[in-house]
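Q: Pasting in a structure now, in structure tokens, and then I'll have a few things to ask.
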Amino acid sequence: MLKKKMQKALNEQINAEMYSAYLYLSMESYFQSISLGGFASWMRGQVQEELMHSMKFYDFVNERGGRVSLDSINKPETSWKSPLAAFEHILKHEQLVTSLINDLVELAIGEKDHASNIFLQWFVTEQVEEEASVGEIVDKLKLIQDNSSGLFLLDAEMGKRVFTLPQASA
Ligand code: FEO
């Protein structure tokens, strides 16, 4: 049975992951508006990932006999001054999510909730990947600066991303 304190924190994380999906969807729209279809497509993959993260928390709360309680989702920003500014925003956001996951792990350990701790380890690993992949794109955008050929090449590369749902056991 899920303790109330853990249930509340997991419910807040469902909301944080939904907000992440909303933020990436807003960025997809931004990239569509500046005709960078590859970046927009990359964002769509990110939206699907965040929804999947949110649903993992949702399912876990239910599996543990808890009660999911949905809250309103904050309004995301709608425009950025450049692709680099958007990706720097993402990097900061993912670093924040990492700290939220770490707080959840600490709470699970403090509450001696081993099941939650094990469940959260998947997200600890996932955040390392998220920060690394976004950090790499930030670095590339810094190298490109105002070079439009470089930006078009990167856009084409970003468009190749294929989102696949992980195995049920993942
Ligand atoms: Fe669900 Fe991008 O962290």
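Q: In nm, what is the difference between 0.36 nm times the number of residues separating A115 and K142 and their Cα-Cα distance?
A: Full extension of this stretch gives 5.6 nm more.
Q: Run the count for the range 77-170, please: Lys pairs, Cα-Cα under 25 angstrom, 8 or more apart or on different chains.
A: So the count of such lysine pairs works out to 9.
Q: Could you give me the radius of gyration and the Dmax of the range 1-123, taking only the C-alpha atoms into account and expressing both in angstrom?
A: For the range 1-123, the Cα-based Rg and Dmax read 15.9, 50 Å.
Q: Once the dipole of the range 68-170 is set up with Lys and Arg at +1 and Asp and Glu at -1 on Cβ about the Cα centre, which of F152, L120, N74 lies farthest towards its positive end?
A: The Cα lying farthest towards the positive end belongs to F152.
Q: For Y19, what charge total do you get from the other residues with a beta carbon under 11 Å from its beta carbon, if Lys and Arg give +1 and Asp and Glu give -1? Show your work: numbers first, answer last.
A: Working: positive: K75; negative: E12, E17, E50, D71.
Every neighbour counted, the sum reads -3.
Q: Also, I was wondering about something else. Once you've got the GNM for the chain with C-alpha springs shorter than 10 Å, pick whichever of M18, M55, M43 has the biggest mean-square fluctuation.
A: The residue that fluctuates most here is M55.
Q: How far apart, in nanometres, would the label points at M1 and E131 be if each is projected 7 angstrom from Cα along the Cα-to-Cβ direction?
A: Once both label points are built, they end up 3.7 nm from each other.
Q: Can you sort S82, S26, S149 from fewest to most other Cβ atoms within 10 Å of each residue's own Cβ?
A: Numbers: S82 13, S26 18, S149 8.
So the residues, fewest neighbours to most, are S149, S82, S26.
Q: Looking at the chain, do any whole DSSP H helices span at least 30 angstrom along their long axis by alpha carbon and average 0.5 or above on Kyte-Doolittle, and which?
A: Details: long enough: 4-33 (44 Å, -0.61); 37-63 (39 Å, -0.48); 83-110 (40 Å, 0.65); 114-144 (46 Å, 0.15).
Membrane-span-like by this rule: 83-110.
Q: To continue, here is another question. With +1 on the Cβ of every Lys and Arg and -1 on the Cβ of every Asp and Glu, and nothing else charged, how large is the dipole of the chain about its Cα centre, in debye rounded to the nearest 20?
A: Working: 16 positive and 24 negative charges, 89 e Å.
Result for the chain is approximately 420 debye, rounded to the nearest 20.
Q: Which value, in Å to one decimal place, does the Kirkwood hydrodynamic radius take for the range 23-80 when every pair of different Cα atoms is included? Provide the component values of the computation, followed by the final result.
A: Values: mean 1/r = 0.0772 Å⁻¹.
Value: 13.0 Å, from the Cα pair sum.
Q: Still on this model: Once the piece of chain linking K92 and S29 is laid out straight, how much longer is it, given 0.36 nm per residue of separation minus the C-alpha distance between them?
A: Working: separation 63, 0.36 × 63 = 22.68 nm, distance 1.97 nm.
Result for the pair: 20.7 nm of gain on full extension.
Q: Evaluate the range 95-147: find the radius of gyration of its Cα atoms, find its Kirkwood radius, and give the ratio Rg to Rh.
A: Working: Rg = 15.5 Å, Rh = 12.5 Å.
That ratio is 1.24, to two decimals.
None of the figures in this text is laboratory data; all of them are computed from the coordinates on show. Keep in mind that this is a model prediction, so the values were computed, not measured. Ideal geometry is used to build each Cβ from the backbone, glycine not excepted, and the neighbour counts take in all protein chains shown.
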